[in-house]
Ligand code: HPA
């Protein structure tokens, strides 16, 4: 499908949003984490210095899905300054590519250099179980919506951050996998036949977000790390019908390892930045 949409937000609107945030806060972190479906818990672990609800920010697209509260939280994790983005917009909400990636474009204006994108996924690879973490190495775009010409040249996920995350996970003893993310439009989950095809294409997990954001962030010069939480086995892999409730139950169960892992990754990224690595 040819993409006739413009992925870039109107520069005046972006500037207005940026000016609004800059009028509220003086200094900006260089690391940001976006919390995916059911993963908002992490936000409770940060020491907030300042929060802005996204509906206060001029032109910021308000997420409308249950479990996706829109908020930017400036704060610290283990004394490391970080910007936590709670709530993202999805294509299936009828949002445009520029709306979905608006927050990424705003983060770039605010000087974010390292972006951790977290999300909930269905597990396709038979080794995966609900509650597992998967570090993303690449993506398959099942939607065929091109974000912008040339965006397919390279995986947007940073090899050095992938290696960092694997090393950190080893140190914490939390088991992680690595794999390829398949982006589907949603909002319906896939059919078992679609999952069979997606598996044959080489994907390990499937989800409805992240790809446009990762591509935009990469394009804007950020180092991107993608961390997926397997909240369910994809359609046809398990007998049990899928539900948003199930997604949230698993997210509840992994609260502890999730925050240990993400905090350790953030610490390591921050120490690499300060070492200029
Ligand atoms: N499919 C697509 N998106 C998802 C799934 C799934 O099974 N689980 C969580 N997000």
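Any read-out appearing in this document is the output of simple, stated calculations on the displayed coordinates, not a laboratory observation. Predicted, not measured: the structure shown is a model, and the values here were computed from it. Neighbour counts are summed over all protein chains in view; Cβ atoms, including those assigned to glycine, are modelled from backbone coordinates with ideal geometry.
So the values come out like this:
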{"quantity": "Qualifying positions in segment 133-153 - touching a residue at least 12 places away in the same chain (Cβ under 8 Å) and loosely packed, with under 12 Cβ neighbours inside 10 Å", "calculated": "144"}
{"quantity": "Residue in segment 225-246 that is more than 9 Å from the ligand (Cβ to nearest atom), surrounded by fewer than 19 Cβ atoms within 10 Å (Cβ to Cβ), under 21 Å from residue 39 (Cα atoms) and more than 11 Å from the chain's Cα centre (by Cα) present", "calculated": "yes"}
{"quantity": "Exclusive hit being surrounded by fewer than 19 Cβ atoms within 10 Å (Cβ to Cβ) and either closer than 21 Å to residue 221 by Cβ or touching a strand residue (DSSP E or B) at 6+ places or on another chain (Cβ under 6 Å) (or both), set 75, 123", "calculated": "75"}
{"quantity": "Subset of segment 171-224 (residues that are within 15 Å of the ligand (Cβ to nearest atom), in contact with a strand residue (DSSP E or B) (Cβ under 9 Å, 6 or more places away or on another chain) and part of a loop (DSSP other than H, G, I, E, B))", "calculated": "184, 186, 189, 190, 191, 203, 204, 208, 209, 210"}
{"quantity": "Which numbered condition residue 130 fails, given (1) in contact (Cβ under 8 Å) with a residue 60 or more places away in the chain; (2) more than 16 Å from the ligand (Cβ to nearest atom); (3) in contact with a strand residue (DSSP E or B) (Cβ under 6 Å, 6 or more places away or on another chain); (4) part of a loop (DSSP other than H, G, I, E, B)", "calculated": "(2)"}
